[in-house]
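Student: Could you have a look at this structure, given as structure tokens, before my questions?
The values are calculated or read from the model by the stated rules, or taken from the named source; none is laboratory data. Treat the numbers as computed from the prediction; the structure is a model and nothing was measured. Heads up, the Cβs are rebuilt from the backbone with ideal geometry, glycines too, and the neighbour counts pull from every protein chain shown. The accessibility values were calculated without ligands, DNA or RNA, using every heavy atom of the protein model including side chains. Shrake-Rupley method; radii C 1.70, N 1.55, O 1.52, S 1.80 Å.
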Amino acid sequence: MLVKATKEDIKQYMDFAYSLAMDQTKSGYPLCSDGVSTKEEFVEQVWKSFHNDYRDVLLFVIDGAVEGWIQFFYIEQDRYLQTNGFLINRNTEQAFTEFLEYACAHFTGYDLYLGFPKRNVSAISFLQKTGCRLIQESYHDIFVFDGSAIQVETDGIVRVTESNFSEFRKLHQTDSETYWSSERIFSTLNEWLIYLLYRKNIAVGYICAKDGEVFSLGYRDNIFDKSTYKALVTVILKDLQVAGYKHMIFFNDDEESQSAALDIGFSCVGEYVCADTHSACDINIVFSCHCESVTLVVRTEK
């Protein structure tokens, strides 16, 4: 069963939870075993989940024994719910089922996001039982800053602000499953790095990044252009390097952009796969799978 964790529970089981977080067969996304994350960061995030009114930690208990915990947070106005720690020692499918029941009971109408490493066979098996179908694939790339200067093209590069956001909006196209719509980006514009690239006074491409990750890159008429790609990606790399980031994450959707990413210096760590299904209990499930992780989206309905 799932039980709300107390302060004493967190202290008692912190090391146990971290050991699960370092084991990709027993943990969820985000990964702690990525070679970049530290135990200090893990501990900080756990306490953040415990103390924040919009976050929580649930112990998973079997026959009186704690077998892990689930951390999550939610954004009420957006009907958005996401786990940021799914750490289960055994009976993963039971924990999964109980948490989905918990989500349906307490967060009706929310979109629920969960992630799992591909090595977590129990979690993947559970997803496969839902009858998910493949709808998208991307390359999962990472750029690690090694101290070398990033060469940036500045001609035609313009930072997006409130005054020229309408130009970005014209190029930024999203679907109903995309959380970061133009409206949501605008409402948190100070948190974003967004640039437009102009050629002959015409905006031919854009890029937007947040928290060390590129969320979107697009072109006028949706036609890939390698020089546009390089100019936009390198300006973000430069900004992140100056800001002190250790690495940048980017998901590339096709062979052309992937080739361009590798030329810049990205390394491919896997592939991102997106699939969806509809269960018999009116829960719409959309999960996306990196080669290293799987993300599940559940829409709960009355």
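Student: With labels modelled as points extended 7 Å from the Cα through the Cβ direction, what inter-label distance (nm, one decimal) is found for K226 paired with A65?
Tutor: A separation of 5.7 nm, rounded to one decimal place.
Student: For the range 182-254, just the Cα atoms, rotate onto the principal axes and tell me the three extents in Å, largest first.
Tutor: The principal-axis extents, from largest down, are 32, 26, 24 Å.
Student: With the crude spin-label approximation of a point 7 Å out along Cα→Cβ, what separation in nm comes out for S125 versus V3?
Tutor: Output for this residue pair reads 2.7 nm.
Student: Further question on the same structure: Which value, in Å² rounded to 10, gives the accessible area of S33 with a 1.4 Å probe and all protein chains present?
Tutor: 40
Student: Follow-up. For the range 137-227, how big is Rg over Rh, using alpha carbon atoms and the Kirkwood form of Rh?
Tutor: Numbers: Rg = 13.8 Å, Rh = 14.4 Å.
The Rg/Rh ratio comes out at 0.96.
Student: Give me the one-decimal Kirkwood hydrodynamic radius in Å for the range 21-82, with the sum taken over alpha-carbon pairs. Don't skip to the answer; put the middle values down first.
Tutor: Values: mean 1/r = 0.0766 Å⁻¹.
Value: 13.1 Å, from the Cα pair sum.
Student: Next question, about the same structure. Show K26, K4 ordered by accessible area, largest first, where the area counts protein heavy atoms only and the probe is 1.4 Å. All intermediate terms of the calculation are to be shown ahead of the outcome.
Tutor: Details: K26 60, K4 130 Å².
The ranking, largest first, comes out as K4, K26.
Student: Kindly report, to the nearest 10 Å², the accessible surface of W192 as traced by a 1.4 Å probe over protein heavy atoms only.
Tutor: Accessible area, nearest 10 Å²: 10 Å².
Student: If I take R0 = 35 Å and measure r between the Cβ atoms of W192 and E256 in this structure, what FRET efficiency does the formula 1/(1 + (r/R0)^6) give, to the nearest 0.05?
Tutor: 0.90
Student: Can you check what the net charge comes to around S227, using other residues whose Cβ is under 15 Å from the Cβ of S227 (Lys, Arg +1; Asp, Glu -1)?
Tutor: 0
Student: Rolling a 1.4 angstrom probe over the protein chains, ignoring ligands and nucleic acids, what is the accessible area of L2 in square angstrom, nearest 10?
Tutor: For L2, the solvent-accessible surface is approximately 40 Å².
Student: Under the rule a/c < 1.5 gives rounded, and otherwise a/b versus b/c splits prolate from oblate, where does the range 1-133 land using the Cα gyration tensor? Don't jump to the answer; show the numbers that get you there.
Tutor: Details: a/c = 1.29, a/b = 1.09, b/c = 1.19.
Judged from the Cα gyration tensor, the range 1-133 comes out rounded (a/c under 1.5).
Student: Follow-up. Residue separation times 0.36 nm, minus the C-alpha to C-alpha distance between F73 and H247: what's the value?
Tutor: Separation in residues times 0.36 nm, less the Cα-Cα distance, equals 60.2 nm.
Student: How far apart, in nanometres, would the label points at T97 and N201 be if each is projected 7 angstrom from Cα along the Cα-to-Cβ direction?
Tutor: That separation, rounded to one decimal, is 6.6 nm.
Student: Could I ask something else about it? Sequence gap at least 6, Cα distance under 8 Å: using those rules, report the relative contact order of the range 1-153 to the nearest whole percent.
Tutor: 24
Student: Hey, another quick one. At 1.4 Å probe size, put Y219, Y245, Y74 in order of accessible surface, largest to smallest. It would help to have the intermediate numbers written out before the result.
Tutor: Working: Y219 30, Y245 90, Y74 50 Å².
Reading off the accessible areas and sorting them downward yields Y245, Y74, Y219.
Student: Another question, if that's okay. In terms of modelled amide H atoms, which long-range or inter-chain residues lie less than 5 Å from the amide H of V160?
Tutor: I194, Y195, L196
Student: Still on this model: Order Y102, Y206, Y54 by their accessible area, 1.4 angstrom probe, all chains in place, largest first. Please list the in-between numbers first.
Tutor: Values: Y102 55, Y206 10, Y54 115 Å².
In descending accessible area the options line up as Y54, Y102, Y206.
Student: Follow-up question, since we're still on this one. So what J values fall out for the range 31-38 if you push phi through Karplus, 6.51 cos²θ - 1.76 cosθ + 1.60 with θ = phi - 60°, rounded to Hz, Gly and Pro as x?
Tutor: Working through the residues one at a time gives 6, 9, 9, 8, x, 10, 5, 10 Hz.
Student: If you build the convex hull over the alpha carbons only and average its shadow over all orientations, what do you get for the range 45-199? Give it in nm² to one decimal.
Tutor: Working: hull surface 55.3 nm².
Mean orientational projected area (the range 45-199, Cα hull): 13.8 nm².
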